[in-house]
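**Q** I'd like to ask some things about the structure below.
Nothing in this text is a laboratory measurement; each read-out follows from the coordinates by a stated rule. Treat the numbers as computed from the prediction; the structure is a model and nothing was measured. Because the Cβ atoms are built from the backbone with ideal geometry, glycine has one as well, and the counts that use them run over all protein chains shown.
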Amino acid sequence: MKILVLNCGSSSVKYQVVETTTKEKIVDADLQRVTDHAAAIQEILAQIDLSEIKAVGHRVVHGGEKFQHSVIVDDAVLAEMERIEFLAPLHNPAAMAGVRACMAQMPDLPNILVFDTAFHSTMEPGAYLYGLPYEDYEKYGIRKYGFHGTSHQYVAMQAAEQLGRPLEELKLVTCHIGNGASVCAVQNGKCIDTSMGMTPLAGLVMGTRAGDIDAAALSILCKEHNFTIDEAITYLNKSCGLKGLSGISSDMRDLDPVMQTNERVKIAIDVFIHRIVQYVGAYVAQMKGCDAIVWTGGIGVYRQFVSERVMSHFSFLPNCQKLVIKTNEELMIALECEKLLAGN
């Protein structure tokens, strides 16, 4: 089955055509500096043979609590996506602009939403609730949702295949470490906890994101920088992490070569690795063991010193294996579309 997979960002559209039977990428391209998603979709469709395309799979960052699985778009889905737009105001509107453009230009083709949050919907309240009045969760949906779920799900499945054991019998910690980064505890095939929170800002130190921080620090940032709350959140998302700590770059490819000679870069990487160790250790404890720690993402795959330094903390787990697996979120999205169309 051929599936068109779209990943619409605020100013870019990445797209692939995936043959699910062979797991082959027939088309793999992107458009940059997009200002009009309808025009971008029109340009993409003009370059693709649509005769065998069975559906369009859309990567959507946030599904809130309602969407715990992939869904075929209809009017009710569109209405709910509009209602929860506030949960991911930088990401979801772009994705839905792509959906509406596809619906307008290919009205007979199913559009399927595949959510970054869906894999994490198996967390229990003890893992996803914050220490706020319960009414704030009930009224405003303030809770941990988690992200990178499609990637965590894919590499967990691949890890089980490499280990030659059923996923349902395994305890895995999956580490998606790139410019955005998150860690996930996968027990018996299900996510039981993950490091990102209500938004992708929480958890690990990332390329430009601060990760976990004392909420009271916001008042100091707002006062000293004369920030509004929204400006402070933007600062934590765009100016912190490796970029802010190193003073050089958010890109580990820039930092790696100079970490032995630049003290700030060394400190930045130490903080980055320390946070990963904290989360991996917490999840090993939560699962009471671990069969494998799985590494993916640009840093997880290509900057081996990071995973090696983290793994050195877990030598007390003699049977825990290190697996490095290149993620394939587009294939996972295509397979989710195939499964949904088949009624499974």
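**Q** So for the stretch 2-115, Kirkwood radius off the Cα pairs, Stokes-Einstein at 4 °C and 1.567 mPa s: how many µm² s⁻¹?
**A** My calculation gives 91 µm²/s for D.
**Q** Between residue 86 and residue 214, what is 0.36 nm times their sequence separation minus the Cα-Cα distance? Round to one decimal in nm.
**A** Taking 0.36 nm per residue and subtracting the Cα distance, the gain is 43.8 nm.
**Q** Alpha carbon centre of the stretch 106-151 versus the stretch 40-92: separation in Å?
**A** 15 Å
**Q** Modelled label-to-label distance, residue 309 and residue 262, 7 Å Cα→beta-carbon offset: nm?
**A** 1.4 nm
**Q** Once you have the Cα-Cα distance between residue 188 and residue 79, take 0.36 nm times their residue separation minus that, and quote the gain in nm to one decimal.
**A** The span from residue 188 to residue 79 would gain 35.8 nm if fully extended.
**Q** Considering only DSSP states other than H, G, I, E and B, which trypsin sites (Lys or Arg not before Pro) in the stretch 1-53 qualify as loop sites with at most 14 other Cβ atoms within 10 Å?
**A** Filter output for the stretch 1-53: 23, 33.
**Q** Tell me the Kirkwood hydrodynamic radius of the stretch 164-288 in angstroms, computed as one over the mean inverse distance between distinct C-alpha pairs.
**A** 15.7 Å
**Q** Also, I was wondering about something else. What number, rounded to the nearest 500 deg cm²/dmol, is the helix-based mean residue ellipticity at 222 nm of the chain, given -39500 (n - 2.57) per DSSP H run of at least four residues and division by all its residues?
**A** Calculated mean residue ellipticity at 222 nm is -12000 deg cm²/dmol.
**Q** Select from the stretch 42-139 those trypsin sites (Lys or Arg not before Pro) which occupy a DSSP coil region and have at most 10 other Cβ atoms within 10 Å, ordered by residue number.
**A** When the trypsin sites (Lys or Arg not before Pro) of the stretch 42-139 are filtered for loop state and at most 10 Cβ neighbours within 10 Å, nothing remains.
**Q** Please report the antiparallel percentage of DSSP beta bridges with both residues in the stretch 2-115, rounded to the nearest 5.
**A** Taking every DSSP beta bridge within the stretch 2-115, about 65 percent pair in antiparallel fashion.
**Q** Hey, rough spin-label estimate for residue 228 and residue 134, points 7 angstrom out along Cα→Cβ, what's it come to in nanometres?
**A** Reported label-point gap for residue 228 and residue 134 is 3.5 nm.
**Q** Right, here's the next one. Run the numbers on the chain and let me know its relative contact order in percent, using alpha-carbon pairs under 8 Å that are six or more apart.
**A** This gives 17 percent for the chain.
**Q** Still on this structure: Which loop trypsin sites (Lys or Arg not before Pro) in the stretch 241-344, with loop taken from DSSP, have no more than 10 other Cβ atoms within 10 angstrom of their Cβ?
**A** Here the sparse-neighbourhood loop sites are 288.
**Q** May I ask what percent, to the nearest 5, of DSSP beta bridges between residues of the chain are antiparallel?
**A** 60 percent
**Q** Using Cα centres only, tell me the gap between the stretch 250-304 and the stretch 315-335 in whole Å.
**A** Each part reduced to its Cα centre gives a spacing of 15 Å.
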